[in-house]
Structure formats: C-alpha cells, structure tokens
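A.B. asks: Please read through the structure below; I'll follow up with questions.
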Amino acid sequence: MTLDALAHRLGARPDATATAAAIVLAAYLLQKSPAVRGLPALARAAVWTVAWFALVAAAAPIVAPPPAFRDPYQIPTSSFAIEPQPPDAAHPLGTTENQFDLYYGIVWGARSAFKVTLSIVGVSLALGLVLGTVAGYYGGAIDEVVMRVTDVFLAFPSLILAVVIVAVLGKGIDKVILAISAVNWPIYARLVRGEVLSLTGREFVTASRALGGSDIRIMLRHVVPNAMFPFLVYGSLDMGNIVIVSAALSFLGLGTEIGYADWGQLIALSRKWILGAPGHAFVYWYTVVFPAVAITGFVLGWNILGDAIRDRADPRLRTRGGLP
Amino acid sequence: MTAYVLRRICLFPVVAFGVTILIFTLLQALPPAARAMLFIQNPEQATAIAAIIRKYDLDKPMYVQYGHWLRQVVHGDLGYSQSARMPVAQAIATFFPATLELTGYAFGLIILVGITLGTAAAVHRDGVVDHVSRIFSICGYSLPVFVWGLLLLLVFYGNLQWFPPERLSLAAGLYVQSRAFHAYTGLVTVDAVLNGSWWVLWDAARHLVLPVVTLTYFLAATLVRITRSAVLDSLSQEYIRTARGKGLAESAVIARHARRNALIPVITLSSSILIGLLGGVVITETIFNYPGIGRWGATAALELDVPAVAGFALLVAGVTVLVNLAADVLYGYVDPRVRLR
C-alpha cells in the first residue's frame, strides 16, 4: 500500500485513527512507566501482545476496510465456491470455507474478542459487586439467598450452562455475551462477598457507623473501594477464559451467526477441511493455523498479564478459578 | 468439620431444587410446543402436541407447568430425544459409559502427569524441568481445547493415520454389538479384556488416545502449577529439615514427607478437574466424533432437542454437585487437622 492510500484510509475513518493513535500513545507511555519496566520479561511481552491486539481491534476499519453499506462485522466473500483458497495477493491469509476472507475475519475478530470480553467482565463485575456487597454487608437471610443462588449457577461447568442458555436463546453475539455473563457473575459475587465480610468488621467501618454514616454511604465509601482491587485482578485473569468459552460456543455452532467475524467461528469453519485431501493432510493448513494463532496469542497475552498483576497484587490469590 | 459436612449434605436438596428451577426457567424462553417434547416418551406422541400442551398446562403460568415437569423428572421420565432417536433416560444410559471411559482414563493421566511434573518442577526449582513445566502449563491453559484437539487430529490422524477419531472401527463396532461379545460394563476397554478379545482392546485404545491426550493437556496444566507450589510450600517446612537431619535419603524425603503433605490442596483441586472434564468432553467428543454424552449434548443444543438439553443439563449438574460434596467430605477425611477441629 502506498503512503497516499494509507493517508486516505486514515482520513476516511477519523474515529478509528484517533483510537489507534491513542493506543499507540498509551503503549509508548506504558513502556516508559516504572510499573511495566519492573515486570519480568515474559510479562512485558504479554503487555505488548495485548496492546497489539487492542491496536488491531481499534485500527480494523483502516487495515481491513469493510465494504460500503454492510455490517462491518460480516466477513465479505469473494465468490460462491466452497473450497478454501490459499493465501494470495487479494487474500493475504487465504480464504476459509465459503470464501470468507481470513485476514478480514481475524482483524475484525479482534474487535469481537474485545467486545465480548469487556462486556462480559463489565456485566459480571457490576452484578457481582452489587450482589456480593449486599450479601456480605447485610448477612443473614439476604446473604443466604444470594449464596444459594450462586450455588445453583456454580452447579454447572461454565461451558455447559452457557451452551444451554445459548441453545434456548438462539445465535448472536449479544446472546453469547448474555449467556457467559450469566455463567460468570456468581464467581465475582462470591469473591466480593468474601472481601466485604472481612472488611465489615474493621475499625474504619465501625468508626463510620459511629459517626452516623448510613449503610449506603459505608458501602460506597468504605467497603467497595477496598474490595475492588482483588476483584479487578480476577477480572484480568478472566479475560482469556472468557474468550475461550465464547470461541468454544462458536466452535460448537451455537455462538455467532455464520459469517460473523469471530475467531471461534473461523476455527469452526476449518473443521471440515482439517484432514486435508488424501495424501496431503496439510493442504488447508491456513484455515486452522491463522485463527488458532490469533486466539491463542490473545489468551496467552491475557493469562500471562493477569498472572503478573496477581503476583504483584496479592500472593494469596494463587489458585485459578473455574476451568472452562 | 462434621457440622460443615452435614450442612453441605443438607444443602444438597436445596441446590438440586434450584437447578431444576433454573433449567425450567430457561425453557420458558421457548414456545409451549417446544416444551411439550419434555412430556413425550416416543415419536408417535409428537403428533398430538396440542393435546399435550393442554394436558400439562404448558400455556399456563410457569409454576403450574413446573409442577407437572418436576413430577415427570422425579419419575425418571425426561422426554424423548429426537437427536438420539430414543428416550432421554435411555440416551443417558447409552452414552454415559463411553464418557465415563474417556474421562476415567483422562483423569488418571491428569493426576499422574500433574503430580509427577509438579513435584519434579518444585524439586528442581528454576532448573530445566521447572522451565519446561512452566511453558507446558502456560500453553496448556492458553491453548483452547478445540484448537489443541484439532491440531492433534490434523497431525496424528490427517497426516500420520495413527489414531482415528470415533470410538471403534466399523468391524470392532459391529463385533462389540454382536452376540459373541458380552457387554459387562459398557466400558469397551474393560469389556474387551473380560471377553479376551485383544484386537478390540487394541482398536478401542487407538481411538481413545487423542481425546484422552486432548483432555489431559488442557486440565493437567493447572494441576502442575498447584502441585509445584504446594510441594515448594511443604519443602520449606520444618519437618522436612528434620527428615533430612535424621539422614533420610532425599527421594524418601520428597516422596514420604514433602509430596504427601502437598497432596491436600491437590485433592481439593481434583474435584474442579472432574468438573472441568465434564465441560471438556462437550468439545472433545465433538471434535473426535466420540459417541458420549458431551457430543450428544452439543448436538442436542444445536438441533434444539429440548428434552435432551434439559436432561443433559440435569445430569451434569447432578454429577457436579455430587463431586463437590464428595470433595468436601474427602477433604475432611484426609486432613487430620480439619478432622480434629
């Protein structure tokens, strides 16, 4: 691509250009910050991996411009042929089943991945924070009810409850977000409740109560800010897990609709071609390798980053939570 | 401790009740005709949907329907699974042994690999083994199980033709169902030994390799890390210094003192490994086309086979709750500090 063409593309999408520039700037500042410099080499590499994915996601409209008047998350197809085609000039990473362009799918898939993970962590944090704080602070019957509800949700392996919810609600990225949030919040609620329980007996809470502080004030000003941190650490550890579960749903054919830019779906599309042609097992290697690298890199980045944050923040939080 | 275990046991029916409510609430998102499938036992009844909706009040408020459904569930009538072409209870009986066989081997291998590698990593801290095990486990929990399974399938079946998917080859599958072969347990490898048909055993083992390895890698990774930190923790204890001081060989110090005490957190983790296996079989059985409950559940979800989805969810939740309960009890049993309290 010539510089002129690049400048034109950047100018065509000022919003994406601005976000991408902000991410580059943030990555540069992070590199200079003592917090990142003090991390082990592996964790620094993970910071860069996550920053790279964020950059790809932000710059998606620039590096993979969507066709006009179409949903940008819908991967364009170039013909109606079924058989995947190897990388060439028009399709830098080749095409997968039904001619969906792999390059486009992976670039916009990074956006979907951030959309899914951030929404789910956001919803789980919010629900977990409210219910966990209320349960831990008031105790008694409220606590009992909230905890029994979490027991019921935790009576399923997370993937299986998500499968049941998506099966009933139907396909679509919003349903995937809803299903995984529903599966995820109980862990957050329990985590917060534990923190809140240990905080409510502390002197500063008693002092605030003696000064006439209302329950709401004590919760918002004294309990929640102190309970937040381990919670955010868990959130960062959870990012990789969420992307695996959402991709697993798409892999099973229950996640996003056909043609939606989503790594799990790209892997699902490679399934029929995975065994290659007789005698040439690896002819369709690109259909599985590129999406696999994208998803594994994303998860690896978040896992190593989450581990580093946890080790730095709180050595007690050592066990990993529910496995996917 | 006894009080704690008793409380867990008393909570069991509460959670079981909650699970049925959760599943039935989810099914409310579907039209009554889809829920009607929960109440039929054979495909002929599927023609009289309107009558079933009326009979079981499926267009009435949820608590009315729930009562009817719960009565069916308690009697073991879980409806007819269209994707499996048999009643749900029969489908579970058909598919569960295959899953049990798969998860049984995977669980054994996970424990073996996890504890061996975890102990070795702790003993040779910051040595080559430690670094290898670190990379092994980071990749293990970052590589999605479907990516790992597909890559194994690509290399070991697509390219090398060593380990085929599914459960048995055509010939072995037919032989196993014939009169000549007596199914004692439903676990093909065990039945093959009991029947003395070694070629069936060989065939079944070849088919089991890839799914077992897939499940093992994805779950052993966590166990390696936990075992490592637990062994490191117990190696720094005073009784280890005592054991070394009285002149015990290093191997005995590690096997009898360090590792044995490190096994307590491992036992608590093993319940989450079993639950992880239940989630993992859905993907693994789908990849390898292995006829267990995981593949059945995934197909049912895809085809919106409502009774199968509900039955599968009930089964998995039941197993999960029982495994957790067993872990609580076992934990009190193995750790004398907990028991005496």
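A.B. asks: Please determine, in degrees from 0 to 90 and to the nearest 10, the orientation of helix B:293-302 with respect to the longest principal axis defined by the Cα atoms of chain B, where the helix direction is its Cα long axis.
C.D. replies: So the inclination is approximately 50 degrees.
A.B. asks: Provide the solvent-accessible area of B:ASP233, counting protein heavy atoms only and rolling a 1.4 Å probe, rounded to the nearest 10 Å².
C.D. replies: 90 Å²
A.B. asks: While we're here: Stretch B:LEU322-B:LYS60 to full length: gain in nm at 0.36 nm per residue minus the Cα-Cα span?
C.D. replies: Values: separation 262, 0.36 × 262 = 94.32 nm, distance 3.34 nm.
Residue separation times 0.36 nm, minus the Cα-Cα distance, leaves 91.0 nm.
A.B. asks: If you don't mind, another one. Could you run the Karplus curve 6.51 cos²θ - 1.76 cosθ + 1.60 with θ = phi - 60° over region B:266-275 and give me ³J(HN,Hα) per residue in whole Hz, x for Gly and Pro?
C.D. replies: 5, 5, 5, 6, 5, 5, 6, 5, 4, 5
A.B. asks: I'd like the carbon and sulfur percentage of the solvent accessible area for region A:1-63, probe radius 1.4 Å, heavy atoms only, ligands and nucleic acids excluded.
C.D. replies: Within region A:1-63, the accessible surface is 72 percent carbon and sulfur.
A.B. asks: Same structure again: Return one number: the angle in degrees, 0 to 90 and rounded to the nearest 10, between the long axis of the Cα atoms of helix A:173-200 and the longest principal axis of the Cα atoms of chain A.
C.D. replies: Taking the Cα atoms of chain A, the angle to A:173-200 is about 30 degrees.
A.B. asks: Let me check against my output: what whole-number percent is the relative contact order of region B:112-201, with C-alpha pairs under 8 Å and at least 6 apart?
C.D. replies: Across region B:112-201, relative contact order equals 11 percent.
A.B. asks: Ok, one more. To the nearest Å, what is the center-to-center distance of region B:268-293 and region A:228-242, using C-alpha atoms only?
C.D. replies: If we compute the Cα centre of each part, the gap is 24 Å.
A.B. asks: Still on this structure, I have one more. Expressed as an acute angle from 0 to 90° and rounded to the nearest 10, what is the orientation of the C-alpha long axis of helix A:41-58 relative to the principal long axis of chain A?
C.D. replies: It is inclined by approximately 70 degrees.
A.B. asks: I've got another one for you. Please report, in cubic angstrom per residue, the volume enclosed by the convex hull of the alpha-carbon atoms of region B:2-81. Present the calculation step by step, with values, prior to reporting the outcome.
C.D. replies: Numbers: hull volume 7.8 nm³, N = 80.
So the per-residue hull volume is 97 Å³.
A.B. asks: What accessible surface, in Å², does a 1.4 Å probe find on A:LYS171, ignoring ligands, DNA and RNA and rounding to the nearest 10?
C.D. replies: For A:LYS171, the solvent-accessible surface is approximately 80 Å².
A.B. asks: If packing is taken as the mean number of other Cβ atoms within 10 Å per residue, what is the order of B:174-182, A:222-230, B:304-312, highest first?
C.D. replies: Descending packing order for the listed peptides: B:304-312, A:222-230, B:174-182.
A.B. asks: Turning to a different aspect of this structure: Between B and A, buried accessible area summed over both sides at probe 1.4 Å, in Å² to the nearest 100?
C.D. replies: Buried area between the two chains comes out at roughly 4400 Å².
A.B. asks: When the convex hull of the Cα atoms of region A:1-63 is projected onto a plane and the area is averaged over all directions, what value comes out in nm²?
C.D. replies: Averaged projected hull area, Cα only: 4.6 nm².
A.B. asks: Now for a different question. Compute the FRET efficiency between B:ARG241 and B:ILE135 as 1/(1 + (r/R0)^6), taking r as their Cβ-Cβ distance and R0 = 30 Å, and round to the nearest 0.05.
C.D. replies: Values: r = 31 Å, r/R0 = 1.05.
For R0 = 30 Å, the calculated efficiency reads 0.45.
A.B. asks: So, for region B:97-183, what is the accessible surface per residue at a probe of 1.4 Å, expressed in square angstrom? The partial results should precede the final answer.
C.D. replies: Details: 4150 Å² over 87 residues.
Averaged over the residues of region B:97-183, the accessible area is 48 Å².
A.B. asks: Against the empirical 2.2 N^0.38 Å scaling, what ratio does the C-alpha Rg of region B:137-241 come to?
C.D. replies: Taking the Cα Rg and dividing by 2.2 N^0.38 Å, one obtains 1.51.
A.B. asks: Give the distance, in whole Å, between the Cα centre of region A:204-226 and the Cα centre of region B:1-71.
C.D. replies: Here the two parts' Cα centres lie 43 Å apart.
A.B. asks: Give, to the nearest whole percent, the P(r) tail of chain A beyond 29 angstrom, counting all Cα pairs. All intermediate terms of the calculation are to be shown ahead of the outcome.
C.D. replies: On the way: 24652 of 52326 pairs.
So the portion of pairs separated by more than 29 Å is 47 percent.
A.B. asks: Shifting gears a bit: Give me the mean projected area, in nm² to one decimal, of the convex hull enclosing the Cα positions of region B:31-161.
C.D. replies: Reported value for the Cα convex hull: 13.4 nm².
A.B. asks: Still on this structure, I have one more. Expressed as a whole number of Å, what is the distance separating the alpha-carbon centroids of region A:29-73 and region B:89-103?
C.D. replies: For region B:89-103 versus region A:29-73, the Cα centre distance is 45 Å.
A.B. asks: In square nanometres, what is one fourth of the surface area of the convex hull spanned by the alpha carbons of region A:167-324?
C.D. replies: 12.3 nm²
A.B. asks: Also, I was wondering about something else. Send over the per residue convex hull volume for region B:94-340, Cα only, as a whole number of Å³. Walk me through the intermediate numbers first.
C.D. replies: Details: hull volume 39.8 nm³, N = 247.
For region B:94-340, the hull spanned by Cα atoms encloses 161 Å³ per residue.
A.B. asks: Quick one: ranking A:GLU83, A:GLU195, B:GLU303 by accessible area, 1.4 Å probe, largest first, what do you get? Let's see the in-between values first.
C.D. replies: On the way: A:GLU83 85, A:GLU195 50, B:GLU303 115 Å².
Largest accessible area first, the list is B:GLU303, A:GLU83, A:GLU195.
A.B. asks: Note down the magnitude of the dipole of region B:2-81 about its Cα centre, charges +1 on Lys and Arg C-beta and -1 on Asp and Glu C-beta and zero elsewhere, to the nearest 20 debye.
C.D. replies: Working: 7 positive and 4 negative charges, 56 e Å.
The dipole of region B:2-81 has a size of about 260 debye.
A.B. asks: Can you work out D for region B:35-97 in µm² s⁻¹ from Stokes-Einstein, where Rh is the Kirkwood radius over C-alpha pairs, the temperature is 10 °C and the viscosity is 1.306 mPa s? Provide the component values of the computation, followed by the final result.
C.D. replies: Values: Rh = 12.2 Å.
Translational D for this selection: 130 µm²/s.
A.B. asks: Moving on to the next point. I'd like the mean, over residues of B:277-284, of how many other protein chain beta carbons sit within 10 Å of each residue's own Cβ.
C.D. replies: Mean partner-chain Cβ count within 10 Å for B:277-284: 5.
A.B. asks: Taking R0 as 56 Å, what FRET efficiency do you get between A:SER214 and B:TRP198 from their Cβ-Cβ distance, rounded to the nearest 0.05?
C.D. replies: Numbers: r = 76 Å, r/R0 = 1.35.
Computed FRET efficiency for A:SER214 and B:TRP198 comes out at 0.15.
A.B. asks: Still on this structure, I have one more. When the chain is fully extended, how far beyond the present Cα-Cα distance does B:ALA93 get from B:ALA33, taking 0.36 nm per residue of separation?
C.D. replies: Length gained, B:ALA93 through B:ALA33: 19.0 nm.
A.B. asks: OK, next. Based on the Cβ-Cβ distance from A:ARG221 to A:ALA126, what FRET efficiency comes out when R0 is 25 Å, to the nearest 0.05?
C.D. replies: Working: r = 18 Å, r/R0 = 0.74.
After rounding, the FRET efficiency stands at 0.85.
A.B. asks: Quote the relative contact order of region A:99-318 in percent (integer), defining contacts as alpha-carbon pairs under 8 Å separated by 6+ residues.
C.D. replies: Reported relative contact order: 27 percent.
A.B. asks: What translational D, rounded to a whole number of µm²/s, comes out for the protein assembly as shown from Stokes-Einstein when the hydrodynamic radius is the Kirkwood one over Cα pairs, at 10 °C and 1.306 mPa s? Can you show the working numbers first?
C.D. replies: Working: Rh = 27.2 Å.
Rounded to a whole number, D works out at 58 µm²/s.
A.B. asks: Which residues belonging to region A:259-290 lose at least 30 Å² of 1.4 Å-probe accessible area when the assembly is complete, relative to their chain isolated?
C.D. replies: Residues shielded by partner chains are A:ILE267, A:ARG271, A:ILE274, A:LEU275, A:ALA281, A:PHE282, A:VAL288.
A.B. asks: Before anything else, pin down the relative contact order of chain B: Cα pairs under 8 Å, at least 6 apart, normalised by residue count, whole percent. Spell out each step's value before the answer.
C.D. replies: Numbers: 398 pairs, mean separation 85.4, N = 341.
Relative CO of chain B lands at 25 percent.
A.B. asks: Under a no-solvent Debye model with one identical scatterer per Cα of region A:1-156, what's log10 I(q)/I(0) at q = 0.20 Å⁻¹?
C.D. replies: -1.22
A.B. asks: Would you mind listing how long region A:94-183 runs along its three principal axes, going by Cα atoms, in whole Å with the largest first?
C.D. replies: The Cα atoms of region A:94-183 stretch 59, 22, 17 Å along the principal axes, largest first.
A.B. asks: Now a separate question. Within region A:99-318, what whole-number % of the accessible surface is contributed by carbon and sulfur, with the 1.4 Å probe and all protein chains included in the calculation?
C.D. replies: For region A:99-318, the apolar C and S fraction of the accessible surface comes to 67 percent.
A.B. asks: Given a 1.4 angstrom probe, what's the average accessible area per residue across region A:111-186, in square angstrom?
C.D. replies: Here the per-residue accessible area is 31 Å².
A.B. asks: Another question, if that's okay. Which shape class, rounded, prolate or oblate, goes with region A:113-241 when its Cα gyration tensor gives a ≥ b ≥ c as root eigenvalues, a/c under 1.5 marks rounded, and past that a/b bigger than b/c marks prolate? Numbers along the way, then the final one.
C.D. replies: Working: a/c = 2.81, a/b = 2.00, b/c = 1.40.
It comes out prolate by the Cα gyration axes.
A.B. asks: Tell me the carbon and sulfur percent of the accessible area for chain B, rounded to whole percent, probe radius 1.4 Å.
C.D. replies: C and S atoms contribute 64 percent here.
The values are calculated or read from the model by the stated rules, or taken from the named source; none is laboratory data. Since the model is a prediction, treat every value here as computed from it, not as a measurement. Here Cβ is always computed from backbone atoms with ideal geometry, including for glycine, and neighbour counts include all displayed protein chains. Side chains are part of the model used for accessible areas, which takes the heavy atoms of the whole protein and leaves out ligands, DNA and RNA. Shrake-Rupley method; radii C 1.70, N 1.55, O 1.52, S 1.80 Å.
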